[in-house]
1. Just the residues that are basic (Lys, Arg) and either under 22 Å from Leu145 (Cα atoms) or under 22 Å from the mean Cα position of the chain (by Cα) (or both), please, taken from the stretch 71-108.
2. Hey, could you check the stretch 154-167 for residues that are at pLDDT 90 or above and among the hydrophobic types (A, V, I, L, M, F, W, C) and say which is surrounded by the most Cβ atoms within 10 Å (Cβ to Cβ)?
3. Within the stretch 56-73, which residues are of a type outside the set (S, T, N, Q) and surrounded by fewer than 12 Cβ atoms within 10 Å (Cβ to Cβ)?
4. Might you let me know whether the stretch 141-153 holds any residue that is in a strand (DSSP E or B) and crowded, with 17+ Cβ neighbours inside 10 Å?
5. So, in the stretch 74-118, of the ones that are surrounded by 10 or more Cβ atoms within 10 Å (Cβ to Cβ) and polar (S, T, N, Q), which residue ends up nearest to Val143 (Cα to Cα)?
6. Looking at Leu134, Leu114, Leu92, can you tell me which residue is touching a residue at least 24 places away in the same chain (Cβ under 8 Å) and more than 13 Å from Val49 (Cβ to Cβ)?
7. Filter the helices (runs of 4 or more DSSP H) completely within the stretch 30-118 down to those with at least 2 residues that are touching a strand residue (DSSP E or B) at 6+ places or on another chain (Cβ under 8 Å).
Amino acid sequence: MFGLAPKPMRRPASVEQVSCPFPFALVPGADAEDALNELAGLRPDCTPVIFGKPETAAGMLGLRQEESYEDLLASMDALDLGRWLAGRSAELKQIGIEAPRGAWPAEHQPNNGLYCVRRVQPPGEFEPEVVIGLVATGEPALVPLLLNYGDWNDCPPSIVHAALAQR
């Protein structure tokens with residue numbers, strides 16, 4: 001009903017098969033945070049997004065579907081997010097998953113670093129280069145719509161991501 005049924009993972013494209021629908025730059029992973037901040041200041045009409053290493057960016061951009069931004073925006077505006085969240089919570093409870101409530105546990109500290117610019121192996125080293133794209137919206141919450149991010153496996157559709165980010 002609300003997206004619990006697994007959706008098939010779409011096969012990502014290779015780097016050579018993907019065209020980028022917006023301006024982008026390749027920067028060393030170690031410089032990505034500074035580049036992101038600089039781009040944000042230069043282009044307030046856009047939202048810079050770090051897509052990670054080129055293969056990761058190609059995979060994400062290769063998954064894009066060509067649903068119009070206007071249609072996605074209208075669907076997001078029509079979404080009753082409270083109802084969606086209640087339905088999702090009920091689905092998860094049916095299979096024995098319940099969201100924790102209460103104060104954040106002291107033994108778990110947040111990680112405030114940029115994960116997508118670092119390698120998994122060896123841990124902590126920066127990627128040689130990452131892709132930063134300038135997504136054509138000054139409202140970061142709408143980026144999932146422009147990327148049409150989500151709606152595979154158990155990942156909610158882009159309209160839910162955007163509605164949650166606006167909320």
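1. Arg83, Arg88
2. Here is the first cut: in the stretch 154-167, the residues at pLDDT 90 or above are 156-167.
Subset that is among the hydrophobic types (A, V, I, L, M, F, W, C): 159-160, 162-165.
On the way: Ile159: 25, Val160: 22, Ala162: 27, Ala163: 22, Leu164: 14, Ala165: 14.
Residue satisfying both the conditions and the ranking: Ala162.
3. Just the residues of the stretch 56-73 that are of a type outside the set (S, T, N, Q), to begin with: 57-64, 66-67, 69-73.
Of everything in the stretch 56-73, those that are of a type outside the set (S, T, N, Q) and surrounded by fewer than 12 Cβ atoms within 10 Å (Cβ to Cβ) turn out to be Glu66, Glu70, Asp71.
4. Pass one, the stretch 141-153, residues in a strand (DSSP E or B): 153.
Filter again for crowded, with 17+ Cβ neighbours inside 10 Å, leaving none.
For the stretch 141-153, residues in a strand (DSSP E or B) and crowded, with 17+ Cβ neighbours inside 10 Å: absent.
5. The qualifying residue nearest to Val143 (Cα to Cα) is Ser75.
6. Working: Leu134 fails: more than 13 Å from Val49 (Cβ to Cβ); Leu114 fails: more than 13 Å from Val49 (Cβ to Cβ).
From the options Leu134, Leu114, Leu92, the qualifying one is Leu92.
7. Working: elements: 32-42, 54-62, 69-78, 81-94.
Output list reads 32-42, 54-62.
The values are calculated or read from the model by the stated rules, or taken from the named source; none is laboratory data. Values in this document were obtained by computation on a predicted structure and should not be read as measured data. Cβ: placed from backbone, ideal geometry, glycine included. Neighbour counts: every protein chain shown.
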